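Please read the structure below before turning to the comments.
The values are calculated or read from the model by the stated rules, or taken from the named source; none is laboratory data. Being a predicted model, the structure only gives us computed values, none of them experimental. Here the Cβ positions follow ideal geometry from the backbone for every residue, glycine too, while neighbour counts run over all protein chains shown. The protein model used for the area step is the full one, side chains on, heavy atoms only, and it has no ligands, DNA or RNA in it. Shrake-Rupley method; radii C 1.70, N 1.55, O 1.52, S 1.80 Å.
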Amino acid sequence: MATSNTEEIEEVERKEQEVVNFDEFPPEVLIKHPLQHTWTLWYYEPDRNKTWEESQRKVTSFDTAEDFWSLYNHIKAASELKQGCDYSMFKQGIRPMWEDNANKCGGRWLINLDKKQRNTDLDHFWLETLLCMIGEAFNGYSDDICGAVVNVRQKGDKIGVWTANANSEDSVMEIGRKLRERLKIASKVTIGYQIHKDVMVKVGSQTKNAYVV
């Protein structure tokens with residue numbers, strides 16, 4: 001019987017708590033590659049009996065490249081999540097919500113994928129986004145990165161890269177250009193940056209883009 005994603009996350013947490021006998025490993029195996037920041041993975045699964053915030057579950061945090069890959073390889077791919085679920089990866093101490101102090105003056109680069117791209121592009125785009133973040137790949141503006149969210153939805157999936165200051169045009173645009181370059185997004189496709197405050201008060205289904213690349 002297939003296990004639920006929640007059960008798989010619990011298994012990851014259990015394994016991380018196991019005691020390892022480091023005497024069994026040669027010294028070179030124990031050397032890990034530290035990241036500049038500690039990152040936290042969150043998992044959201046809608047629950048009618050809980051608020052949206054209560055349904056956000058903090059899975060684990062990591063601060064080395066090896067621990068990132070260990071985590072990534074133990075959980076379901078984004079394309080395998082149930083519809084309505086999210087993964088979020090944010091710098092430690094930042095919650096994946098607009099109201100967090102680190103996010104409230106910022107916005108997000110939003111990549112919309114159609115249904116068929118779930119099988120062709122979603123996992124690749126999500127992984128490349130994560131590697132850009134943890135690898136500090138945004139050309140000197142990585143400190144402005146807060147985190148990223150992938151939403152798995154029936155009408156089409158979304159990936160959002162959140163930044164801290166929507167008014168910092170140089171930073172926002174450079175992050176958008178780098179993201180577009182790394183994901184190899186087709187030239188005919190435009191990606192837009194939405195300010196969180198605009199999304200919160202939007203009228204209708206569309207939020208106006210503050211920047212585009």
Review point. What are the pairs, 6+ residues apart or on separate chains, where a residue within region 46-63 that is in a loop (DSSP other than H, G, I, E, B) and at pLDDT 90 or above has its Cβ under 7 Å from a residue that is surrounded by fewer than 16 Cβ atoms within 10 Å (Cβ to Cβ) and not basic (Lys, Arg)?
Key: Pro46/Gly84; Ser55/Pro46; Ser55/Asp47
Review point. Of the residues that sit in region 139-155 and are more than 16 Å from Ile94 (Cβ to Cβ) and over 11 Å from the mean Cα position of the chain (by Cα), which one is surrounded by the most Cβ atoms within 10 Å (Cβ to Cβ)?
Key: Val152
Check your understanding: Only one of (1) closer than 18 Å to Cys146 by Cα; (2) open to solvent by less than 70 Å² (accessible area, probe 1.4 Å) is not met by Leu183, so which one is it?
Key -> (1)
Check your understanding: Right, Asn112: touching a helix residue (DSSP H, G or I) at 6+ places or on another chain (Cβ under 8 Å), open to solvent by 70 Å² or more (accessible area, probe 1.4 Å) and either closer than 20 Å to Lys184 by Cα or among the β-branched types (Val, Ile, Thr) (or both) or not?
Key -> no
Exercise for review: Exactly one condition in (1) surrounded by fewer than 18 Cβ atoms within 10 Å (Cβ to Cβ); (2) in contact (Cβ under 8 Å) with a residue 12 or more places away in the chain; (3) of a type in the set (Phe, Trp, Tyr) is not met by Trp69; state its number.
Suggested key: (2)
